[in-house]
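What follows is a structure written as structure tokens; I'll ask about it next.
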Amino acid sequence: MASSSAPKYNSNSLENSSSKRSLKEGTNWEQNEEIPRLPGETRVTDKDVIYMCPFNGPVKGRVYITNYRLYLRSVENDPVVILDVPLGVISRIEKMGGASSRGENSYGLDITCKDMRNLRFALKQEGHSRRDIFEVLTKYAFPQSHNLLFFAFVNEEKFPENGWMVYNPMSEYRRQGLPNERWRVTFINEHYGLCDTYPSLLVVPYNATDEDLKKVSAFRSRNRIPVLSWIHPETQAVIMRCSQPLVGMSGKRNKDDERYLDIIREANGQISKLTIYDARPNVNAVANKATGGGYEGEDAYPNAELFFLDIHNIHVMRESLRKLKDIVYPNVEESHWLSSLESTHWLEHIKLVLTGAIQVADKVSSGRSSVLVHCSDGWDRTAQLTSLAMLMLDSYYRTIEGFEVLVQKEWISFGHKFASRIGHGDKNHADADRSPIFLQFIDCVWQMSKQVCCGVLQKVTVCRFGTFLYNSEFLREKEKVAEKTLSLWSLINSEKSKYTNPFYSKELNRALYPVASMRHLELWVNYYIRWNPRIRQQQPNPVEQRYMELLALRDDYIRRLEELQITNNSKMPNSSAPSTSPSQMVSQVQTHF
């Protein structure tokens, strides 16, 4: 597995292979251009530079800046080296050296990106040659800091599919069989007066009135009350989500909140206790009391059982990713790969998120118990847990459009702070609100499927689409994002074959649980180390890799059958005689996989 050894690489490869692939991605680029341009993309400036490539050394070229991308084309290399960087992935731009700097290529720009790479360009020192390019880059990479529009608002691409039509909350709840005699739809938040980070349409217990909801909101952080995310079609057990209760150091209680949780427990005729999963480590939840937060104590909530899932906060995750970047870019730390990877704690965090989601899903499915999930504010770890659990329990979410609905519902609509966590168009690179929470979710999805998930992640940061802009549904409606921008789902649904898993098997009403042990988790090399051409050279096609894994499983199965000398009339240990031949059994295994 990738985590058990340093990735192998071939030193005789060129960086531009990734760029050549990226040039094929868009279908709407204008032709006959020096550089590729999307409709609505305008060229701003260009300049001769030396790109300090960390893999192949200095590369002379010309860099072009548009209102969407930085594009470098080499002038002397054969084959041509191309660098194509959407400005939205830039986190920080710094000047390197001064007018009196000595040494070759010591004067220029250092660019830190959000996609696991850094870029360095050297320029001539005469005549303040970097001033113009620095100002242009800063202006268009950080539009929010310069009162400019995101590129998504000027993007003029056309797609045959309208991604904004993918998610309709009422249709999704109807698909789940809601509303029913126990659960109702409320429009109390239609104008975002109850909670400005929640969607306008919410599903709550039938026996809870809107007046009850208002009273409960006063006792929940950011007014994020417990609301339904998903209902089990057979057991009617539900997954609820919310924020922490405002208990504080004095141990405040709220009778309305306590009664509301009892109503949730009783909604599916449940006799056992309501299970509450607090995503935080116990010590963090206790510490949150000092700032007015807290957790559901046994005295106040006797009909609930509380479990802490030990998932750390956004600051720990940000530091973990920084450490991971240090060991994979620009060079992979090979000599101490295992200890270096372990010291980042990245896979450990992935394990804890997956383990927590499995507990949530299993309690609802096998335990037939309703669960309530929260962290502090209910828009980071909570979204990770509910969406992963729903992915495990509901086969619809494992389809392309179902997955889009899942992301749109549990992340975008329920107020994950994409703008703050990613830093869209904001020059404040040191903002403490930045954190790779959505990246962790996609990593967990990849661990479950081992398919290519890079496509979604690469579009989240670049501001080409309006899907992930801003922090809440309220702000997106205020900015009229659906009217003025394109949806990422328009692109994906217009070329589904690029994102389709050929090994997908429709398993209706079957829960699929991943193995969340460190032995089975891998570092997602095709994402975290994708910029290193020497690593990329050795990465097999994901479909081919999966096919080879299945062939190996088949061969192993055949070998075991031969060893046991199974015949149509023989019996396997502790079982009755098989009704099919070994070849038929192998055929069944192939069909299943």
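The values are calculated or read from the model by the stated rules, or taken from the named source; none is laboratory data. All values derive from a computational prediction rather than experimental measurement. Neighbour counts are summed over all protein chains in view; Cβ atoms, including those assigned to glycine, are modelled from backbone coordinates with ideal geometry. Side chains included, ligands, DNA and RNA excluded: accessible areas come from the protein's heavy atoms. Shrake-Rupley method; radii C 1.70, N 1.55, O 1.52, S 1.80 Å.
Quick check: anything in region 156-164 of a type in the set (A, V, I, L, M, F, W, C) and under 30 Å from Gly402 (Cα atoms)?
yes
So the check is Cβ under 6 Å with 6+ separation or different chains; which pairs have a first residue in region 315-327 that's over 17 Å from Arg421 (Cα atoms) and a second one that's part of a helix (DSSP H, G or I)?
Qualifying pairs under 6 Å: Lys323/Thr344; Leu324/Thr344; Leu324/Trp346; Ile327/Ser340.
Here is a follow-up. Limited to region 272-286, what total is found for residues that are open to solvent by 50 Å² or more (accessible area, probe 1.4 Å) and in contact with a Lys or Arg (Cβ under 9 Å, 6 or more places away or on another chain)? Show your work before the answer.
Our first condition is that a residue be open to solvent by 50 Å² or more (accessible area, probe 1.4 Å); within region 272-286, this holds for 272-273, 282-283, 286.
Now narrow it down to the ones that are in contact with a Lys or Arg (Cβ under 9 Å, 6 or more places away or on another chain): 272-273.
Here the count works out to 2.
Can you tell me how many residues within region 396-426 are in a helix (DSSP H, G or I) and more than 22 Å from Thr355 (Cβ to Cβ)?
Result for region 396-426: 16.
Conditions (1) in the same structural domain as Arg224 (by the TED database); (2) open to solvent by 20 Å² or more (accessible area, probe 1.4 Å); (3) out of contact with any Asp or Glu (no Cβ under 8 Å at 6 or more places or on another chain); (4) farther than 26 Å from Asn501 by Cβ, marked per residue:
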site: Lys351; (1), (2), (3), (4): yes, yes, yes, no
site: Val371; (1), (2), (3), (4): yes, no, yes, yes
site: Ser387; (1), (2), (3), (4): yes, no, no, no
site: Glu401; (1), (2), (3), (4): yes, yes, yes, no
site: Ile412; (1), (2), (3), (4): yes, no, no, no
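Moving to a separate point now. So which residues in region 160-175 are over 24 Å from the mean Cα position of the chain (by Cα) and touching a residue at least 40 places away in the same chain (Cβ under 8 Å)?
Pro160, Arg175
I'm trying to understand the selection: among the residues of region 39-62, which are of a type in the set (Ser, Thr, Tyr) and out of contact with any helix residue (DSSP H, G or I) (no Cβ under 8 Å at 6 or more places or on another chain)?
Answer for region 39-62, where residues must be of a type in the set (Ser, Thr, Tyr) and out of contact with any helix residue (DSSP H, G or I) (no Cβ under 8 Å at 6 or more places or on another chain): Thr42, Tyr51.
A further question on this structure: Evaluate region 18-36: report whether one residue or more is of a type in the set (A, V, I, L, M, F, W, C) and at pLDDT 80 or above.
yes
Taking the conditions exactly as written (more than 30 Å from Arg182 (Cα to Cα) and surrounded by 23 or more Cβ atoms within 10 Å (Cβ to Cβ)), does Ser435 satisfy them or not? Break it down into steps so the answer makes sense when it comes.
Values: more than 30 Å from Arg182 (Cα to Cα): yes; surrounded by 23 or more Cβ atoms within 10 Å (Cβ to Cβ): yes.
Yes.
From Val462, Val407, Val445, which residue is of a type in the set (A, V, I, L, M), open to solvent by less than 20 Å² (accessible area, probe 1.4 Å) and farther than 20 Å from Ala152 by Cβ?
On the way: Val462 fails: farther than 20 Å from Ala152 by Cβ; Val407 fails: farther than 20 Å from Ala152 by Cβ.
After applying the criteria, what remains is Val445.
Here are some residues: Gly88, Gly98. Which one is at pLDDT below 95 and not assigned by the TED database to the domain that holds Val481?
Working: Gly88 fails: at pLDDT below 95.
After applying the criteria, what remains is Gly98.
Oh, and also: Being surrounded by fewer than 18 Cβ atoms within 10 Å (Cβ to Cβ), at pLDDT 95 or above and in the same structural domain as Ser221 (by the TED database) narrows it down to one of Ser343, Ser339, Ser366, so name that one. Write out each step before concluding.
Numbers: Ser339 fails: at pLDDT 95 or above; Ser366 fails: at pLDDT 95 or above.
So the residue among Ser343, Ser339, Ser366 that is surrounded by fewer than 18 Cβ atoms within 10 Å (Cβ to Cβ), at pLDDT 95 or above and in the same structural domain as Ser221 (by the TED database) is Ser343.
I'm checking my understanding of the structure. Among residues of region 60-73 that are in contact (Cβ under 8 Å) with a residue 40 or more places away in the chain and open to solvent by 10 Å² or more (accessible area, probe 1.4 Å), which one is nearest to the chain's Cα centre (by Cα)?
Looking at the filtered set, the residue picked out is Tyr68.
I would also like to ask the following. For Cys113, which of the numbered conditions (1) within 27 Å of the chain's Cα centre (by Cα); (2) under 20 Å from Val44 (Cα atoms) fails to hold?
Failed condition: (2).
Additional query: Restricting attention to region 465-494, report how many residues are part of a loop (DSSP other than H, G, I, E, B), touching a residue at least 24 places away in the same chain (Cβ under 8 Å) and either at positive phi or open to solvent by less than 30 Å² (accessible area, probe 1.4 Å) (or both).
Selection size over region 465-494: 9.
Considering only region 37-73, how many residues are in a loop (DSSP other than H, G, I, E, B) and farther than 13 Å from Ile111 by Cβ?
Of the residues in region 37-73, the ones in a loop (DSSP other than H, G, I, E, B) are 37-42, 54-56, 67-68.
So of that shortlist, the ones also farther than 13 Å from Ile111 by Cβ come out as 37-42, 55-56, 67-68.
Residues meeting the conditions: 10.
Among the listed residues Leu194, Leu213, Leu202, Leu149, which satisfies the condition of being within 30 Å of Gly40 (Cβ to Cβ) and either modelled with pLDDT under 95 or among the aliphatic types (A, V, I, L, M) (or both)?
Just a single option satisfies the conditions, and that option is Leu149.
Assuming Trp531 fulfils every condition listed in (1) open to solvent by 30 Å² or more (accessible area, probe 1.4 Å); (2) in the same structural domain as Ser320 (by the TED database) apart from one, which condition is it?
(2)
Suppose we keep only residues that are in contact with an Asp or Glu (Cβ under 8 Å, 6 or more places away or on another chain) and among the small types (Gly, Ala, Ser) within region 296-318. Which one would you say is nearest to Val371 (Cα to Cα)?
Looking at residues that are in contact with an Asp or Glu (Cβ under 8 Å, 6 or more places away or on another chain) and among the small types (Gly, Ala, Ser), I get Ala304.
Does region 180-197 contain any residue that is part of a loop (DSSP other than H, G, I, E, B), in contact (Cβ under 8 Å) with a residue 40 or more places away in the chain and under 30 Å from Gly98 (Cα atoms)?
Looking for residues that are part of a loop (DSSP other than H, G, I, E, B), in contact (Cβ under 8 Å) with a residue 40 or more places away in the chain and under 30 Å from Gly98 (Cα atoms), one finds none in region 180-197, hence no.
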